[in-house]
Every structure is written in structure tokens, then in C-alpha cells.
1. To the nearest 20 Debye, how big is the dipole of the range 338-442 about its Cα centre, given +1 on the beta carbon of each Lys and Arg and -1 on that of each Asp and Glu?
2. Name the residue from VAL282, ILE113, GLN346 whose Cα lies farthest towards the positive end of the charge dipole of the chain, charges +1 on Cβ of Lys and Arg and -1 on Cβ of Asp and Glu.
3. Using R₀ = 45 Å, calculate the FRET efficiency as 1/(1 + (r/R₀)^6) where r is the Cβ-Cβ separation of THR229 and GLU110; round to 0.05.
4. If we sort 358-370, 183-195 on the protection proxy, mean other Cβ atoms within 10 Å, highest first, what's the order?
5. State which entries of LYS163/LYS191; LYS359/LYS428; LYS132/LYS376; LYS144/LYS191 exceed 32 angstrom in Cα-Cα distance in the structure shown.
6. Return the equivalent ellipsoid semi-axes of the chain as a descending list in whole Å, where each equals the square root of 5 times an eigenvalue of the C-alpha gyration tensor.
7. If you take the square roots of the eigenvalues of the alpha-carbon gyration tensor of the range 280-382 and sort them as a ≥ b ≥ c, do you get rounded (a/c under 1.5), prolate (a/b over b/c) or oblate?
8. Please work out the FRET efficiency for the pair ASP65 and SER365, using the Cβ-Cβ distance as r and a Förster radius of 30 Å; give the result to the nearest 0.05.
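Just so it is clear, none of the values below were taken in a lab; they were calculated from the coordinates. Predicted, not measured: the structure shown is a model, and the values here were computed from it. Every residue, glycine among them, receives a Cβ derived from its backbone with ideal geometry; neighbour counts consider all protein chains shown.
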Amino acid sequence: MAKKQEQLTVNPVFPRPGDSDDFSKYKLPADPMLPEAAYQIVHDEAMLDGNARLNLATFVSTTMDDQASKLYAETFDKNMIDKDEYPATAEIEDRCWKIVADLWHAPNPEKTIGTSAIGSSEACMLGGLALKRRWQQARRAEGKSTEKPNIIMSSAVQVVWEKFANYWDVEPRYVPISLEHKTLDGHDLEKYVDENTIGLVAILGVTYTGMYEPVKEIAAALDKIEKKTGFNVPIHVDAASGGFIAPFLQPELEWDFRIKRVHSINTSGHKYGLVYPGLGWVVWRKREYLPDDLIFKVSYLGGEMPTLAINFSRPGAQVLLQYYAFMRLGFEGYREVQARCRDVAQYLAKEIGKMGPFKLWNDGSDIPVFAWYLKKNASPNWDLHDLSSLLRQKGWQVPSYPMPDDMAELTVQRVVVRSGLSFDLADKLLEDMRSSVDYLNSLEGPLPKEGREVGTFAH
Ligand SMILES: *Cc1c(COP(=O)(O)O)cnc(C)c1O
């Protein structure tokens, strides 16, 4: 034993037992190993992941500055639910959602309510649940059935809304998108609304393409429907990405609480909120839009604190990082970061649009995200999946995927520009795209379809 210990401490890292030995991958190892050896194993396995900075598929932050990393290291042990133990973190959480509510023009900060969440997915669930519960209460008060709730959304919603409908037994009513109606824009809504409609989801920054849905026009269409039928359909805006873009880049655009019909809005702190994963926010315009019976009380400084969440324990450090980002950047800092992303996105879109085979779906002027597809007959021997595969070999993740159901025959490729994709890197990407397209065009026959890069779509 003594000999073994000595071997362990004297040996250089790689030849140590534990590193060089076969260790069990799917069973808890029988014995401990040195922390250095365990670290090296995990570190080396994680090294085989893609390079996050070159991942143009994800919306989620991959860079923060050094002070944020320091703060993270100091606070990663904080549990957000322990409001009693961490009252300062709880107070900062409150400040953060109030800052967000103010960015979204909540009419009366005293009457607004909000919370953090683990991401937009949890925040959307909470927004959807509030819609459902309010509808149920109203129906019960009128002695009517609550059997068949439905919710209206675009066929291009993020998967969380399909989950919401599935998990909470709400019928999803999808409004299909098309080349004519590239987003849910208010057309034909009367076909979808009835007395069982709990609400409509409008997306600020459609995940598939980055386009904004015109919340104001949708609200106007619902106003008309209400006049005619009496059905009063509230809107939840899923602003997972746009919630931190529109206030800075399109301040004139009315999509938020300036529109009365908008009851609640969510966003991802870990997307354009510029914080590491996982953090989301949800805010209700008025206290009464969040039914009381969805709120639980936890002990807080000897008193009680209302909480609304699906998770119990979750990291508190991200909330502190959000506050750090707010302090560090201020309004002007956020505006500059987001404007740079938009400039890079529009530059990339313009250059990609100039490459022969592609047609742009949009140009990155809403959120800094855009998509394109192949022109008809542009490439007899290859498609966008082949291009994704070649780019992946060069380190870039640029996903290609089919559009939602009614347009599933159309495949698009998408770039999400995040803070950290500089003009310099963008030029490198263009270079790699051009050489990949040249190579693909030089092929005499089609590439084999096996082993291609498919399904990396981070939706
Ligand atoms: C990313 C996204 C979500 C899910 O958000 P997470 O923060 O990843 O949980 C929901 N809706 C839209 C529109 C999104 O872009």
C-alpha cells in the first residue's frame, strides 16, 4: 500500500494508475483515485467537445469577462431557493427582474411581478401555466367547462411550447408559416380562436430564422376578434432572445408591455442577456395576471417569501452574474454589444447572399440571426447538410435543418451571431464557406449520404 501511494504521488500525471488504467465508465469505480488523475480524465474527455466559440448553432453565451469568472467562482455554491440563507442574492434577483420589467415598459413597477428561472423553458412553462389557470378560474366562475383548453402559436415555435402543451394537457393550435407568411403575423387568426383559447404565444426572435413576430399586428387582430366574438385572448411573448435585443436595437418597436394585451414576457438571461447558462426571466404586467394559487411561500429572514418555480434548488450564481452584467454594461454597453452582433450578422448575411447557390430567408436585422436556403437546382451534387459537414471538419458548427411541418421540404442553414464572433472570425468563416462551396461544386457526383452532419439544430 505504502509503495502504491508513493508511486501515485511521485509519478508524473499521465502514467499514474487511474489515468493509464482501465477505469469503469458506466459503474462507480470501486476505489478512489488521486484528484489530479480524476481531473485529467474529465478534462481530457471534455476536450473532445466542440469549440464553443465556433458553435454558430447555439444562442447561449460562451464568453464573459474575467471579473465575471471571478464572481462565478466565488458564488457557485449559492442555492437560489435558500432565500433565508442568501437574502442578498434574493434581493439582487428582485432588482434584476425589475430592471428587465422596466426595459419592457411595464406600466407600473409596483404592480408588476416577476422571477428568475433556470432558462426560458422554465419561464415559458410558468407563463403558460398562468394563462391556463386564469382561463380555468374565469370559466369556473361562469359555470363553464374547463375540459378543453387550447393555445395558439406559430408552427415555428421553440420546442418548449410543444412540451408545455403536452405536459399540461393543452391543445396546441399551430398557425403554419409559409413563404408568404414567414411568421405568425395575425392573418386568419379567427379560425383558431374560440372560448377555450387560453392565450396566444408570440415569438420575438423565431428560433428557426431569427425573425420577429409582429406583436402589435397580432394584438390588433385579436382586438378585432374580441369585438366580434367577445373572446379576450391574452398574449405571452416568448422573447427568449429578442427580450435583450429589441430594447437596445429597436427601441421604437412596440412588442412589449406597451401593448395592453401582452400579459407576460420571458427571456433567457443566458442568451443575449450575456450570462453563462442557465438563467431565464419572466415578468407579468400586473400582479393579478399571475394567479395566487400558483405561488408558494418559502421561509425568508424569519418571514415568508413568495416563490414561483418548477425547480426547487438551482444555482444562484447566474443571478449575480446577470446583475454584474447590468452594472458592468449599463444600457449603452448592452446597446454596443448587441449592435456589434447585428453588424456582424448583417455583414455575413450580405456576403453569404452574394455566394451563388444561396437565397437568404432574412438578413439579421431583427435579432442577429439569419438563415438561408439553396436556390432551386443550384447544386445537383450536394445540399446544405454536406456544407454543414465540411464546415464542421473545419471546427465551425453551422446547422442545417428542415423548416417546421408545413414547409418541411425546405431545408435552411442558420447562423446565430453572439458576442465574441468578431469581424475577423466572420471573415474566416466566409473563407471556409467559399472554399467548401468550391470543393462541393467541383464534385462529379453526389457525396455519400452516410455520416453527414444532421440534426445539430439547437431549437
Ligand atoms: C432558446 C429558446 C427557448 C428556450 O430557452 P432556454 O433558455 O434554452 O430554456 C424558448 N423559446 C425561444 C424562442 C428560444 O429561442
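1. So the magnitude is around 180 debye.
2. ILE113
3. Numbers: r = 34 Å, r/R0 = 0.75.
With R0 = 45 Å, the Cβ-Cβ based efficiency is 0.85.
4. Answer by packing, highest mean first, reads 358-370, 183-195.
5. Values: LYS163/LYS191 23 Å; LYS359/LYS428 21 Å; LYS132/LYS376 44 Å; LYS144/LYS191 22 Å.
Beyond 32 Å between Cα atoms: LYS132/LYS376.
6. 38, 33, 21
7. Numbers: a/c = 3.44, a/b = 2.29, b/c = 1.50.
Verdict is prolate for the range 280-382.
8. Step by step, r from the Cβ atoms, then E = 0.60.
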